[in-house]
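First up is the structure itself, then whatever we jot down about it.
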Amino acid sequence: MDPKDRLIVALDVPSVAAAAAMVEKLDASVTFYKIGYQLAFAGGLSFAETLIRANKKVFLDLKLHDIGNTVGKGVESVAKLGATFLTVHAYPQTMHAAVDARKGSNLRILGVTVLTSYDDADLAAAGYDFTVPELVAERAAQARDIGVDGLVCSAEEAANLKPIISNGMVLVTPGIRPADSEKGDQKRVMTPAAAIAAGADHLVVGRPIVAAPDPKAAADAILAEIAAAGR
Ligand code: C5P
């Protein structure tokens, strides 16, 4: 895979103007962008269409979860936008509905197994009788059986999930930090090279690029590290 197809830059900015300025700075270095709640609810969905018209790829990180009919209709609309990836919470009904609704389009569905802000006590408080690793493994197996296209996971989870998922599924990994950068609020981080070695297919990188003094240089350095990691 071309390193540029592996690197997904998180446009975690408050406005379309700020996103457009960042995309202009990153220029040809970056071809794949993630839009999450912050930008999506501030004009980011029409900006996604602008990016797609400019031949960029878009990952809409909207983490859908609702009754199947509502999820399906939402996924159909996202497919029409021309997005490449969309996240849904990895509940069986939700995953079934999303996978059915994306048929005939280029949209790929990514399951979010257990949010990385959750620990075992958070799961117990939410009514689950599973540890985090147990629930992640269970949901990954369900995602595989339902035909979900990939999973979002930490680089640490990637190696454990590889044996569970099917060959065609992709692992998309945030929490990436080049060796010399700030961790911010991320607790478990890996360098780009280590994440690729652990089995990540796509790396989601936000602040190490968008908050860098020279975002394009930061992106180019990460691309070089991905290229050197091989695979
Ligand atoms: O700035 P940073 O590189 O930490 O950004 C990582 C991106 O990945 C953010 O958009 C964040 O919401 C997202 N993400 C994450 N951890 C997860 C899932 C998504 O950091 N488990």
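The values are calculated or read from the model by the stated rules, or taken from the named source; none is laboratory data. On a predicted model such as this, the values are computed, not experimentally measured, just so you know. Cβ sites come from the backbone with ideal geometry, for glycine too, and all protein chains shown count toward neighbours.
Any idea which residue in segment 181-205 is surrounded by the fewest Cβ atoms within 10 Å (Cβ to Cβ), counting only those that are near the ligand (Cβ under 10 Å from one of its atoms) and outside any loop (DSSP other than H, G, I, E, B)?
If we take residues in segment 181-205 being near the ligand (Cβ under 10 Å from one of its atoms) and outside any loop (DSSP other than H, G, I, E, B), then VAL204 is surrounded by the fewest Cβ atoms within 10 Å (Cβ to Cβ).
Of all strands (runs of 3 or more DSSP E) completely enclosed by segment 53-113, which ones contain at least 1 residues that are farther than 21 Å from ARG139 by Cα? Break it down stepwise before answering.
Values: elements: 57-64, 85-89, 108-112.
Hits in segment 53-113: 57-64.
Checking the conditions here, which among ALA228, ALA221 is outside any loop (DSSP other than H, G, I, E, B), within 16 Å of the ligand (Cβ to nearest atom) and more than 19 Å from PHE85 (Cβ to Cβ)?
Working: ALA228 fails: within 16 Å of the ligand (Cβ to nearest atom).
Result of the check over ALA228, ALA221: ALA221.
In segment 144-154, is there at least one residue being hydroxyl-bearing (Ser, Thr, Tyr), buried (at least 16 other Cβ atoms within 10 Å of the Cβ) and either closer than 19 Å to PRO133 by Cα or touching a residue at least 12 places away in the same chain (Cβ under 8 Å) (or both)?
Yes, segment 144-154 contains at least one residue that is hydroxyl-bearing (Ser, Thr, Tyr), buried (at least 16 other Cβ atoms within 10 Å of the Cβ) and either closer than 19 Å to PRO133 by Cα or touching a residue at least 12 places away in the same chain (Cβ under 8 Å) (or both).
State whether the residues of segment 152-166 include one that is in a loop (DSSP other than H, G, I, E, B), over 18 Å from LEU7 (Cα atoms) and acidic (Asp, Glu).
To start, the set of residues in segment 152-166 that are in a loop (DSSP other than H, G, I, E, B) comprises 153-154, 162-166.
Going one step further and asking which of them are over 18 Å from LEU7 (Cα atoms), we end up with 162-166.
Filter once more, keeping what is acidic (Asp, Glu): none.
The answer is no; no qualifying residue exists.
Within the set of pairs 6 or more residues apart or between chains, which connect a residue that is among the hydrophobic types (A, V, I, L, M, F, W, C) inside segment 178-190 to a residue that is modelled with pLDDT under 80 and within 9 Å of the ligand (Cβ to nearest atom) with Cβ atoms less than 8 Å apart?
Listed by first residue and then by second, the contacts come to VAL189/LYS183.
If the requirement is being over 18 Å from PHE32 (Cβ atoms), of a type in the set (Gly, Ala, Ser) and under 15 Å from the mean Cα position of the chain (by Cα), which of these qualifies: GLY150, GLY168, GLY199, GLY175? Full working, then the answer.
On the way: GLY150 fails: over 18 Å from PHE32 (Cβ atoms); GLY168 fails: under 15 Å from the mean Cα position of the chain (by Cα); GLY175 fails: over 18 Å from PHE32 (Cβ atoms).
It is GLY199.
Take the residues in segment 209-218 that are over 14 Å from ALA28 (Cα atoms) and either of a type in the set (A, V, I, L, M, F, W, C) or within 15 Å of the ligand (Cβ to nearest atom) (or both), then tell me which one is surrounded by the fewest Cβ atoms within 10 Å (Cβ to Cβ). Walk me through how you get there before you give the answer.
Step one: filter segment 209-218 for residues over 14 Å from ALA28 (Cα atoms), giving 209-214.
Cutting the leftovers down to either of a type in the set (A, V, I, L, M, F, W, C) or within 15 Å of the ligand (Cβ to nearest atom) (or both) gives us 209-212.
Values: ILE209: 27, VAL210: 20, ALA211: 13, ALA212: 16.
Among those residues, the one meeting the criterion is ALA211.
Out of segment 112-125, which residues are more than 24 Å from SER166 (Cβ to Cβ), within 16 Å of the ligand (Cβ to nearest atom) and either in contact (Cβ under 8 Å) with a residue 60 or more places away in the chain or touching a helix residue (DSSP H, G or I) at 6+ places or on another chain (Cβ under 7 Å) (or both)?
Matches in segment 112-125: TYR118, ASP119, LEU123.
Is there a residue in segment 126-141 that is among the charged types (D, E, K, R), more than 9 Å from the ligand (Cβ to nearest atom), touching a residue at least 24 places away in the same chain (Cβ under 8 Å) and more than 20 Å from LYS4 (Cα to Cα)? Break it down into steps so the answer makes sense when it comes.
Of the residues in segment 126-141, the ones among the charged types (D, E, K, R) are 129, 134, 138-139.
Now drop any that are not more than 9 Å from the ligand (Cβ to nearest atom), which leaves 129, 134, 138-139.
From what is left, the residues that are touching a residue at least 24 places away in the same chain (Cβ under 8 Å) are 139.
Those left that are additionally more than 20 Å from LYS4 (Cα to Cα): 139.
Yes: one or more hits.
Return the only residue of SER15, SER29, SER77 being hydroxyl-bearing (Ser, Thr, Tyr), touching a residue at least 24 places away in the same chain (Cβ under 8 Å) and surrounded by fewer than 16 Cβ atoms within 10 Å (Cβ to Cβ). If you could, list the steps in order and put the result at the bottom.
Working: SER29 fails: surrounded by fewer than 16 Cβ atoms within 10 Å (Cβ to Cβ); SER77 fails: touching a residue at least 24 places away in the same chain (Cβ under 8 Å).
Going through SER15, SER29, SER77 in turn, just one is hydroxyl-bearing (Ser, Thr, Tyr), touching a residue at least 24 places away in the same chain (Cβ under 8 Å) and surrounded by fewer than 16 Cβ atoms within 10 Å (Cβ to Cβ): SER15.
Is it the case, given these coordinates, that LYS63 is modelled with pLDDT of 95 or more, of a type in the set (D, E, K, R), surrounded by 14 or more Cβ atoms within 10 Å (Cβ to Cβ) and closer than 21 Å to PRO215 by Cβ?
Values: modelled with pLDDT of 95 or more: yes; of a type in the set (D, E, K, R): yes; surrounded by 14 or more Cβ atoms within 10 Å (Cβ to Cβ): yes; closer than 21 Å to PRO215 by Cβ: no.
So LYS63 fails the test.
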